[in-house]
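> Got a structure here, written out as structure tokens. Questions coming.
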Amino acid sequence: MSTDIIEVLPKIAAQDAVAELAIFGGTPAFDKKLYVGRPNIGSRERLLERINDLLDRRWLSNRGPYVDEFEQRIAEMAGTKHCIAMCNATVALEITIRAAELAGEVIVPSFTFVATAHALKWQEITPVFCDIDPATHNIDPDRVEAMITPRTTGIIGVHVWGRPCDVEALTTIARRRGLKLLFDAAHAFGCSYKGHMIGSFGDAEVFSFHATKFLNAFEGGAVTTNDDELAARIRLMKNFGFLGYDNVIYIGTNGKMSEVSAAMGLTGLESLEEFIVANRRNYEQYRRELADIPGVHLATYDETEKCNYQYVVLEIDEGVTQVSRDHLVEVLHAENVLARRYFYPGCHQMEPYRSYFPHAGLLLPETERLTGRVMSLPTGTAVGRDEVHRVCQIIRLVVAHGPDVSARLSMAVATREPAFEPAGILVEE
Ligand code: T4K
């Protein structure tokens, strides 16, 4: 065999492999869709037992025994005096913001799920978007101070991916400037900061127990705090403001967690170790298998802290991979790997914020950069070794042939060939 042929053969093989990607007409790597955010489910038997119990008791909502028990367990784990369980984290944030008497302007990151900003705007408070530290993806305390105006009443930090904010620096700023400090801890149940569990920082913290979260209650949320007065106000406000029968003392809403949600939450708590083991195994496998792919960077966790490893997050450096994050996500979707662009495009690029602050991006260079390169991969108890391996192989193949894949995809768009379904990024079913 001549040297020429030896050199050419692997190229032909590689081109074949690219041509066989599902986006170019090949068979998808997975028969069934592989999701980000597949719920972690604990023991069905224990859940069904609890559901039978609550049906027998005919106590379905309004602070039944399962909600009480769930609150106690969460408070114990967070190391706080109080936990108030809620129907979801968005309503929990709204109520906490109101109970803490935030008003005017509140400083938040734009790199978060839009619920953080909406919880403010829903009550006519202006979210002032602050840039992030690119190393942690969390609000950058060094930039917070510059965003404070006479109308600022608080700061909401978000522990993105369960990686804690710089709590110390934010606490110092909040104290010095007389601001309330809340944390959106939607991702951070089971995580710690400097050896203390998340939940106990700032004036209050808010967890999410949505189906996609590390611990789920179907839908659910909770506020944890050590502030007795704040806890009392939140507890009243989540129950229409009732102080006993017939006596309403605040404007309130319905933020109650149902018994069936608490039953799910309690059942999940019994399997937390199993969830962490699965998440950590997947995270470590992704880390190993993606480590040598140039331009693909995995967000890492601080092994000296407690982590839930719930998110496997990549940053794609297009200058190196020569294939964009969006093209990579399109390829993965075609293979039935429904990677997500969390958090794209950043709250400041979503309505109504985009219209209110059309130039916000000028103050958010790191957020803009990150939203263009970040993506989340499937993990959790529903995802196993073989699946992680195949996802990594697809990424490896795409990056190894970045320019070729990009050119083919760009051509498909330019010539309107139906090589892939662009809407596939957004529409999953
Ligand atoms: N703050 C932060 C920082 C947050 O990330 C969130 C929520 C909140 C506050 C508010 O918390 P909650 O009010 O929700 O308690 C999803 C979740 O709905 C949302 O809870 C989560 N963050 C956000 C990051 O992701 P979407 O609109 O992307 O959800 P969706 O329906 O596309 O589902 C995500 C993935 O999970 C899909 O790939 C499908 C899969 N999935 C989903 C559900 C519900 C399943 O496999 N099974 C399921 O039952 O927002």
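The values are calculated or read from the model by the stated rules, or taken from the named source; none is laboratory data. As the structure is a prediction and not an experimental result, all values here were calculated from the model. Positions of Cβ are backbone-derived with ideal geometry, glycine not excepted, and every protein chain shown enters the neighbour counts. Protein only, heavy atoms only, side chains kept; ligands, DNA and RNA dropped before computing areas. Shrake-Rupley method; radii C 1.70, N 1.55, O 1.52, S 1.80 Å.
> Between ARG44 and ARG176, how high is the FRET efficiency from 1/(1 + (r/R0)^6) when r is the Cβ-Cβ distance and R₀ = 51 Å? Nearest 0.05.
Efficiency for this residue pair is about 0.50.
> For ILE148, ILE97, ILE251, ILE41, give the ranking by accessible area with the largest first, probe 1.4 Å. Walk me through the intermediate numbers first.
Working: ILE148 30, ILE97 0, ILE251 115, ILE41 80 Å².
Of ILE148, ILE97, ILE251, ILE41, the descending order of accessible area is ILE251, ILE41, ILE148, ILE97.
> Something else now. Lysines within cross-link reach of LYS81: Cα-Cα under 28 Å, excluding same-chain residues under 8 positions apart?
Within the straight-line cut-off, LYS81 pairs with LYS180, LYS194, LYS213, LYS238, LYS256, LYS306.
> As I understand it, the value is the acute angle between the Cα axis of helix 228-237 and the longest principal axis of the Cα atoms of the chain; what does it come to in degrees, rounded to 10?
Its long axis makes an angle of about 80 degrees.
> Write down the Å³ per residue value for the convex hull defined by the alpha carbon atoms of region 166-276.
Normalising the Cα hull of region 166-276 by residue number yields 123 Å³.
> So what is the 222 nm mean residue ellipticity for the chain from helices alone, if each DSSP H run of at least 4 adds -39500 (n - 2.57) and you divide by all residues, rounding to the nearest 500 deg cm²/dmol? Walk me through the intermediate numbers first.
Details: 16 runs with 175 residues, N = 429.
Mean residue ellipticity, 222 nm, calculated: -12500 deg cm²/dmol.
> Another one. How large is ³J(HN,Hα) for each residue in region 85-95, as worked out from phi by the Karplus curve 6.51 cos²θ - 1.76 cosθ + 1.60 (θ = phi - 60°), to whole Hz, x for Gly and Pro?
Karplus values, whole Hz, x for Gly and Pro: 7, 9, 6, 6, 6, 5, 5, 4, 5, 4, 5.
> Mind pulling the angle between the C-alpha long axis of helix 3-19 and the longest principal axis of the chain? Nearest 10 degrees, somewhere in 0 to 90.
Roughly 40 degrees, rounded to the nearest 10.
> May I pose another question? For a distance above 18 Å, tell me the whole-number percent of Cα pairs in region 36-93 that qualify. Mind dumping the intermediate values first?
Numbers: 854 of 1653 pairs.
So the pairs more than 18 Å apart make up 52 percent of the total in region 36-93.
> Continuing with the same structure: How high is the relative contact order of the chain, in percent, with contacts defined as C-alpha pairs under 8 Å that are six or more residues apart?
On the way: 858 pairs, mean separation 91.7, N = 429.
Averaging sequence separation for qualifying contacts and normalising by length gives 21 percent for the chain.
> Could you sort ASP140, ASP404 by their accessible area in this structure, using a 1.4 Å probe and putting the largest first?
Greatest to least solvent exposure: ASP404, ASP140.
> Distances over 17 Å make up what percent of all Cα-Cα pairs in region 214-349?
75 percent
> Would you please give the residues with an amide H less than 5 Å from that of HIS82, counting only those at least 5 places away or on a separate chain, with H modeled from the backbone geometry?
Correct list: THR225.
> Nearest 0.05, what FRET efficiency do LYS121 and ALA211 give at R0 = 22 Å with Cβ-Cβ as r?
The pair LYS121/ALA211 has a calculated efficiency of 0.35.
> Something else: Counting only protein heavy atoms and a 1.4 Å probe, tell me what percentage of the chain's accessible area is made up of carbon and sulfur.
53 percent
> Here's something else I'd like to know. Within region 155-189, name every residue whose backbone N is under 11 Å away from a label modeled 7 Å from Cα of PHE218 along the Cβ vector.
Under cut-off, by backbone N: nothing.
> With the contact rule set at Cα under 8 Å and sequence spacing of 6 or more, what percent relative contact order holds for region 82-234?
Relative contact order of region 82-234: 27 percent.
> Follow-up question, since we're still on this one. At a probe radius of 1.4 Å, what is the per-residue accessible area of MET197, in Å² to the nearest 10?
MET197 has an accessible surface of roughly 40 Å² with all protein chains in place.
> A follow-up question, please. In degrees, nearest 10, range 0 to 90: what is the angle between the Cα axis of helix 167-177 and the longest Cα principal axis of the chain?
50 degrees
> Whole number please: convex hull volume per residue of the Cα set in the chain, in Å³?
Numbers: hull volume 69.4 nm³, N = 429.
Dividing the Cα hull volume of the chain by its residue count gives 162 Å³.
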